[in-house]
Structures are given as structure tokens and as C-alpha cells.
Amino acid sequence: MVGHRLTRRTWLKMAGAAGLSAGLPVWPAPSEPPVRHLAPRARRVVYLFQSGGPSQVDLFDYKPGLAKLHGTDLPASVKGTQRVTGMTAGQSRFLVNAPIRPFHQHGDSGRWVSDLLPHTAEIVDDLCVLKAVHTEAINHDPGITLINTGTQQVGKPALGAWLSYGLGTNNTDLPAYVVLISQGTGKKPGQPIFARLWGSGFLPSEHQGVRLRPGGNPVAYLSDPPGIDRVTRRGMLDDLAELNARRARITGDAETRARIAQYELAYRMQRSIPDLADLSDEPDHVFDLYGPDARKPGTYAANCVLARRMLERDVRCVQLFHRGWDQHKALRRNLANQCRDTDQASAALVIDLKRRGLLDDTLVVWGGEFGRTVYSQGGLDSGRDHHGRCFSMWMCGGGIKPGIEHGTTDPFSYNIVSGGVHVNDLSATILHCLGVDHERLTFPFQGLDQRLTGVEPHGPVYPVLT
């Protein structure tokens, strides 16, 4: 180290402090001015990501004519020249598979919702259902990467990282971007959820998401090691901050100063995270609202309760990843299980936020990386393949018109008829609701002003905005 003698004592202190923050990102300094291009309609966002591809045919995109067509061949004029996955490319026939459960109309808006989602059906008047979302990705990892980072190329910043970079944090004691992961009941872990999906890419490292894990140690390496008390830790951090500040003055390296802030936030999180993750102060009626799984750490329902607690504490972006929606076989059993895992808790989160006066300035987004085919994969009633041409998602809360649908599809829920929403249009809409112009939120990298939505023409879905 130039200009400074690194003693054994200093090195030991630095090594001990490093354990505190290993794996933790750095958050913007409280004084960093946020980007405000527009009047924000929401302060925060919770993204309920349903990994695997929920079936729009069976959940939201009601097509009454499919019952009579069950078991018949999908017309070639409908399928066209669509690229399909290797799992169905060899099929000689593509048989129409009608929805596995009936649909009924609900709410004052009269929206059609599958009986698989009885709790979501109760909140349809709060929701805006996007029925013509589309993506060019046909497999899971490219699809999840595209909808989260704006491109199928790995290594780009996630939506939450862009929000942290552009808007900073609302709560200096908690991360600006937090991630929770759960697994569907009765299913082996499916497609992996890689940490790069909440990474910061080429943005400064302080903007990457922090994953909260179930159990007594929600954030890796956050707890003090044996023999280190809080007073000792404070002294170690002060010494390390001085050492890093000297280094930063010599090199001008912004990441060195960022590391100082990283250690400081980790120190504050030693108090804020245990309080956040402790659900013992939640009354019984809250657990009843979210469902029986809400008392089981690591479940989707418990993560929804945690998400609400984070939103109450003004965390900028909370993202839940729930695996298990990839129903290539045993569609009736697996889809019913997946809906049972997520339906009540998703609706409860909206209800809970509304009761607490938080829904007006919180944006809620629900959906996955693509949808499912109307035709059956394998034998009739077996499963459904990936389908990116059209699928359904819903949004509600800050900045979104309630009780509406946007977009239409053909009678087979196979092709878009009107109101198409590319996944990058969705991201532009989320940014818009939080007061950010997606074309003006940029970062210089490799000779290009990079942005979340890329260089192709995309934009907010204005008809759904208040």
C-alpha cells in the first residue's frame, strides 16, 4: 500500500471487518440526489416474480371456445412459423388443451378469472391485467434474464439495481433492493435462480440486490464472529474507514469510498435486519390473511409478509422469486399446487397494503418470464410448453388504473390482436411510475449510454397509467 505502512494489527482489524460485509453491496450515501424526471406516482415497488412461466390460458386469458376444441389440432394458420422448444418440436400433432378449471366473472369490473385463483379473484377491481405481454425468449434463463435486465445477455444490471442507482435509498438502515426466494410445494428445484438476476452489472456495486434467507441468519456474514462485541466492531470499522479513506485519496478509486459506506450499512443492518425478519410481533389475523404457510419461514406466504414489512420501512424495491411454474407435465396437479402456494398470499399483500394506506404509493407487479402454449406437450392433458408470443401479468397500486384489462389475444391465446406490451415496455412503465424516464436513466459503459430498456424503441404503457 503506497504511502502507508500496513501493520500486523491493522491487517487483523481489516480482515475481521471484511467478514462483516463479504457478499454485501454498498448503498448510495444519503446525500446522493435522486433522479426525478417525472412526478412519481409510487415511492417503492414489490415485484412478485413467478419463475417458470404461469399459464395465461388457465389463469387469466379466458377463451370460452376452447372447451369445444379440446383435443383437436391447433390450426396451422394460428401456429404459423413460431419457433418452439426442443421439447415439442418433434410432436406430429399439437392438440388444443382447454383450461383445466372453469372461469367466472368477478368484481364490479366483471373480470374473468380462473377458479384456481379464488383469492386473486376477490381483488380484481384493484388490478390492471396485462393480457398481451410478449417476449422473444423461449427458454427460462434467457427469459428471466431479459425481463429482469432488459436483455438476454448475462451480466447487465437488474431492474432493482437501476432503481437503486437512479433513486437511491429511502431507508439508510436497510438495502435499497432486497430479494426473497421460495420454492413451489411438491416440486424439486427447477430452473435455477442465479444471483446475477439481482446483480448490478456495470453499475457501481452498491446497487446490487441483497438476498434475505430464511432462518436465524438472514444475510450472510452479517453477524459478528464469536468474541467480537458491538463496541469492538465499532472501533474496527473506524480504523478501517481511516485506512480506506487514505487509500481513496491516493488512488481516487470510487469503489474504495463505496466500501466504507458498505461497512457502515452492514453495521446498521446488524440492528435493522433482525428486527425486520422477526415476525413474532405480527398478530394472528395477519397470518390468517396470508394463509397457513405464512408461519413457515422461506415459503412464498412468509416472504409476502416480510415484503410488506420491508415496504412499511420504505425499502425501494422488493423482489420475490417463486419457483415451480414450469408445468411440462402433470399440469392439473402441479398448476393447482402452485396456485395454492401463491394465490392467497399475493392477494393478501395487496389487501394488507391497502388497509395500511401503502397501496397508493406502492407499485405491485405479478408475473413470470413467459406464458404457456394452448396446445398440450406430450399426451393430451399432460402439460404445456413455453409460450412467449403472449402471456398475462398484473399490476396495481401507485400510478396504475384499477379494475381494467389491457391488450387482447386471439381465440387460442396464441397471438396478440391488440395492445401488445413487450417486457421492456413493462420495465419502462415501472420506472415511469416511480418518476424515472427510461430513456434518460443511463450509465456510460463501453462507449454507449446504457439503459435498462436497451436501444430499441420501447416505452411506458400509457393507457394503464392514472
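The values are calculated or read from the model by the stated rules, or taken from the named source; none is laboratory data. In this text the structure is predicted, and so the values were computed from the model without any measurement. Virtual Cβ from ideal backbone geometry, glycine too; neighbours counted across all protein chains shown.
Rundown of residues vs (1) over 18 Å from the mean Cα position of the chain (by Cα); (2) part of a strand (DSSP E or B); (3) surrounded by fewer than 19 Cβ atoms within 10 Å (Cβ to Cβ), yes/no style:
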| site | (1), (2), (3) |
| --- | --- |
| Ser376 | yes, yes, no |
| Phe412 | yes, no, no |
| Ala428 | no, no, no |
| Leu431 | no, no, no |
| Gly454 | yes, no, yes |
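I'm checking my understanding of the structure. Among residues of the stretch 191-240 that are of a type in the set (Phe, Trp, Tyr) and assigned to a loop (DSSP other than H, G, I, E, B), which one is modelled with the lowest pLDDT?
So the residue we want is Tyr221.
List pairs: first in the stretch 249-266 and assigned to a helix (DSSP H, G or I), second of a type in the set (Lys, Arg) and surrounded by 13 or more Cβ atoms within 10 Å (Cβ to Cβ), Cβ under 7 Å, 6+ apart or cross-chain?
Listed by first residue and then by second, the contacts come to Thr256/Arg247.
Given (1) closer than 29 Å to Arg356 by Cα; (2) surrounded by fewer than 20 Cβ atoms within 10 Å (Cβ to Cβ); (3) under 26 Å from the mean Cα position of the chain (by Cα); (4) of a type outside the set (S, T, N, Q), identify the lone condition not met by Gly209.
(2)
Does any residue of the stretch 456-464 turn out to be surrounded by fewer than 22 Cβ atoms within 10 Å (Cβ to Cβ), of a type in the set (Val, Ile, Thr) and part of a loop (DSSP other than H, G, I, E, B)?
Scanning the stretch 456-464 turns up no residue that is surrounded by fewer than 22 Cβ atoms within 10 Å (Cβ to Cβ), of a type in the set (Val, Ile, Thr) and part of a loop (DSSP other than H, G, I, E, B).
Under 6 Å by Cβ, and 6 or more places apart or on different chains, what pairs join a residue from the stretch 214-241 that is under 30 Å from Ser182 (Cβ atoms) with one that is of a type in the set (D, E, K, R)?
Listed pairs, sorted by first residue: Asp224/Arg233.
Return the residues of the stretch 108-126 that are under 26 Å from Gly357 (Cβ atoms) and either in a loop (DSSP other than H, G, I, E, B) or among the small types (Gly, Ala, Ser) (or both); say none if nothing qualifies.
Hits for the stretch 108-126 are Asp108, Ser109, Leu117, Ala121, Glu122, Ile123.
Would you confirm, using the coordinates I've provided, whether Gly398 is more than 27 Å from Arg83 (Cβ to Cβ) and under 18 Å from the mean Cα position of the chain (by Cα)?
When the stated conditions are applied, Gly398 passes them.
Among the residues of the stretch 410-424, is there at least one that is of a type in the set (Gly, Ala, Ser) and over 25 Å from Asp125 (Cβ atoms)?
No, there is no match, as no residue in the stretch 410-424 is of a type in the set (Gly, Ala, Ser) and over 25 Å from Asp125 (Cβ atoms).
Select the helices (runs of 4 or more DSSP H) contained entirely in the stretch 275-359, then report the ones holding at least 1 residues which are crowded, with 23+ Cβ neighbours inside 10 Å and in contact with a strand residue (DSSP E or B) (Cβ under 9 Å, 6 or more places away or on another chain).
Qualifying helices (runs of 4 or more DSSP H): 300-312, 331-355.
Which one of these does Ser272 not meet: (1) on the phi > 0 side of the Ramachandran plot; (2) assigned to a helix (DSSP H, G or I)?
So the condition that Ser272 fails would be (1).
Name every residue in the stretch 433-452 that is polar (S, T, N, Q) and in a strand (DSSP E or B), in order of residue number.
Answer for the stretch 433-452, where residues must be polar (S, T, N, Q) and in a strand (DSSP E or B): just Gln450.
Please name all residue pairs, on different chains or six or more residues apart, with Cβ atoms under 8 Å, provided the first residue is in the stretch 26-54 and is under 24 Å from Leu265 (Cα atoms) and assigned to a loop (DSSP other than H, G, I, E, B) and the second residue is β-branched (Val, Ile, Thr) and modelled with pLDDT of 95 or more.
What qualifies is Val35/Val436; Arg43/Thr362.
Only one of (1) modelled with pLDDT under 95; (2) over 22 Å from His328 (Cβ atoms); (3) out of contact with any Leu (no Cβ under 9 Å at 6 or more places or on another chain); (4) crowded, with 22+ Cβ neighbours inside 10 Å is not met by Gly168, so which one is it?
Every condition holds for Gly168 apart from (4).
Could you check the stretch 418-458 and list, in sequence order, the residues that are on the phi < 0 side of the Ramachandran plot and small (Gly, Ala, Ser)?
Ser418, Gly420, Ser427, Ala428
Taking the options Ala161, Ala176, Ala258, name whichever one is surrounded by fewer than 22 Cβ atoms within 10 Å (Cβ to Cβ) and among the small types (Gly, Ala, Ser).
Of Ala161, Ala176, Ala258, the one residue that is surrounded by fewer than 22 Cβ atoms within 10 Å (Cβ to Cβ) and among the small types (Gly, Ala, Ser) is Ala258.
Name the pairs: first residue in the stretch 195-206 and of a type in the set (Ser, Thr, Tyr), second residue assigned to a helix (DSSP H, G or I), Cβ to Cβ under 6 Å, at least 6 apart or on different chains?
Partner pairs satisfying both residue conditions: Ser200/Ala161; Ser200/His207.
Taking interchain pairs and intrachain pairs at least six residues apart, which have beta carbon atoms under 9 angstrom, with the first residue in the stretch 440-464 and within 17 Å of Ala161 (Cβ to Cβ) and the second exposed (fewer than 11 other Cβ atoms within 10 Å of the Cβ) and of a type outside the set (Phe, Trp, Tyr)?
Thr442/Leu448; Gln450/Pro444
Among the residues of the stretch 59-93, what is the count of those that are in contact with a Phe, Trp or Tyr (Cβ under 9 Å, 6 or more places away or on another chain), of a type outside the set (A, V, I, L, M) and at pLDDT 95 or above?
Looking only at that region, the number is 8.
Filter the stretch 127-158 down to the residues that are over 18 Å from Cys390 (Cα atoms) and surrounded by 23 or more Cβ atoms within 10 Å (Cβ to Cβ) and list them by number.
Leu127, Thr149, Lys156, Pro157, Ala158 - these are the residues of the stretch 127-158 that are over 18 Å from Cys390 (Cα atoms) and surrounded by 23 or more Cβ atoms within 10 Å (Cβ to Cβ).
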